[in-house]
Amino acid sequence: MAGKRKTPVKTRNPDLIRGVGKYSRSKMYHKRGLWAIKAKHGGVFPRHDPKPKAPVAPEKAPKFYPAEDVKKPLLNKRKPKPTKLRASITPGTVLILLAGRFMGKRVVFLKQLTSGLLLVTGPFKINGVPLRRVNQSYVIATSTKVDISGVNVEKFDDKYFAKEVEKKKKGEGEFFEAEKEDKKTLPDEKKEDQKAVDGSLIKSIEGVADLKVYLAARFSLKSGMKPHELVF
Amino acid sequence: MPFKRYVEIGRVALVNYGKDYGKLVVIVDVVDQNRALVDAPDTVRSQMNFKRLTLTDIKIDINRVPKKKTLIDAMEKADVKNKWENSSWGRKLIVQKRRASLNDFDRFKLMLAKIKKAGIVRQELAKLKKETAA
């Protein structure tokens, strides 16, 4: 269409109530300047005939079509929202892991990754928990905070934690041969990353009395402790 | 065993049920057999059933239904706050509140302190035992 503006005009006819505009048809005719456009084109509103379309080749019937009509599934345009981080979890918070190999361990929270999982570290030297991803739902946030300002966690994201894909070769011999793979060792790069993150963390932890021992110990419910009454 | 704490005007009571649980209030008038008019420096004067009150040993000197300012002055004069906080009942409540508000880290530090104290006590006991045995 001719005469497109750079920014679309918001309507010149404000709503009094939904469905009822402020100005009548004749007033709007004047506001839109249709009289001026007509005057420019000699009393007739300019019309553009549709451009001649290129001839479309006739569609051939497909070789195969199902006997009964097949329903197309409805379109799903849903985009999942980014996981909301609990207000009690801020960088440097001590978290208690509730499930998995490190159940009960007290651990330092570093940052939330784009997948919604929390990046967490023991530190490794203190309680054996490496840089690890953890789901927010399996975690209790305590109100104890550690100073995390000296730590750089920019380089860690979900791709860093992706499993390495192994190439399998098809062959009969594979089944009879003994498993050549022994335990996969952690690449040195990851060990270096762990040391770098933990270095400044451990310094700030040692600055607080008893915090190192606290992080080394596991949490457990003792007799008489009521979780719904405990303040974490 | 006669009663020692009576419901009277000026009796300080502890609220043991409801929205104002744990607050100290003063009985300012008696409505009927079951209810009292009750007032405190930080609450609006209202009626309460006696069943919601536990009487304390503290009594202040006021007339029936005093003005708020008179009540506050009388409480200051009788030093209700300090008397309460130094009484064994009051001290127990304070300790309970402190224990309930402990952090996970605080509880851990408390555990370490208890173990340390027990160790010291046991050492002293062993010393004393050795002395009496010898």
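Each reported figure results from applying straightforward, stated rules to the coordinates on display, with no laboratory input. Note that the coordinates shown come from a computational prediction; the quantities given were computed from them, not determined experimentally. Note: ideal-geometry Cβ built from the backbone for every residue, glycine included; neighbour counts use all protein chains shown.
Which one is nearest to the other protein chains (Cβ to nearest Cβ) among residues in segment A:204-232 that are surrounded by 12 or more Cβ atoms within 10 Å (Cβ to Cβ), outside any loop (DSSP other than H, G, I, E, B) and of a type outside the set (Gly, Ala, Ser)?
A:Tyr214
So, in segment A:58-108, of the ones that are within 14 Å of another protein chain (Cβ to nearest Cβ) and not hydrophobic (A, V, I, L, M, F, W, C), which residue ends up surrounded by the most Cβ atoms within 10 Å (Cβ to Cβ)?
Restricting attention to segment A:58-108, the residues satisfying the condition of being within 14 Å of another protein chain (Cβ to nearest Cβ) are A:88, A:92-98, A:104-108.
Subset that is not hydrophobic (A, V, I, L, M, F, W, C): A:88, A:92-93, A:104-106.
Details: A:Ser88: 12, A:Gly92: 17, A:Thr93: 22, A:Gly104: 13, A:Lys105: 22, A:Arg106: 26.
Looking at the filtered set, the residue picked out is A:Arg106.
Mind checking which pairs have a first residue in segment A:9-37 that is polar (S, T, N, Q) and a second that is surrounded by 10 or more Cβ atoms within 10 Å (Cβ to Cβ), Cβ under 8 Å, 6 or more apart or different chains?
Within 8 Å, the pairs are A:Asn13/A:Gly21; A:Asn13/A:Lys22; A:Asn13/A:Tyr23; A:Asn13/A:Met28; A:Asn13/A:Lys31.
Consider B:Phe105 against the criteria (1) in contact with a Leu (Cβ under 7 Å, 6 or more places away or on another chain); (2) within 14 Å of chain A (Cβ to nearest Cβ): it satisfies all of them except one. Which criterion is unmet?
(1)
Give the residues of segment B:45-89 that are buried (at least 18 other Cβ atoms within 10 Å of the Cβ), within 14 Å of B:Val12 (Cα to Cα) and without any contact (Cβ under 8 Å) to a residue 60 or more places away in the chain, sorted by residue number.
B:Met48, B:Arg52, B:Leu53, B:Leu55, B:Thr56, B:Ile58, B:Lys59, B:Ile60, B:Ile62, B:Leu71, B:Met75, B:Ala78
In segment A:115-166, which residue that is of a type in the set (D, E, K, R), touching a residue at least 24 places away in the same chain (Cβ under 8 Å) and in a loop (DSSP other than H, G, I, E, B) is farthest from A:Phe219 (Cα to Cα)?
A:Lys155
Which of the following residues is within 30 Å of A:Val231 (Cβ to Cβ), among the aliphatic types (A, V, I, L, M) and either more than 14 Å from every other protein chain (Cβ to nearest Cβ) or in contact with a helix residue (DSSP H, G or I) (Cβ under 9 Å, 6 or more places away or on another chain) (or both): B:Ile94, B:Ile115, B:Ile72, B:Ile62?
None of the other options fit; the residue is B:Ile94.
Considering only residues that are among the basic types (Lys, Arg) and in a strand (DSSP E or B), which ones fall in segment B:24-60? Spell out the reasoning first.
Taking segment B:24-60 first, the residues among the basic types (Lys, Arg) are B:35, B:45, B:51-52, B:59.
Result: B:Arg35, B:Arg45, B:Lys59.
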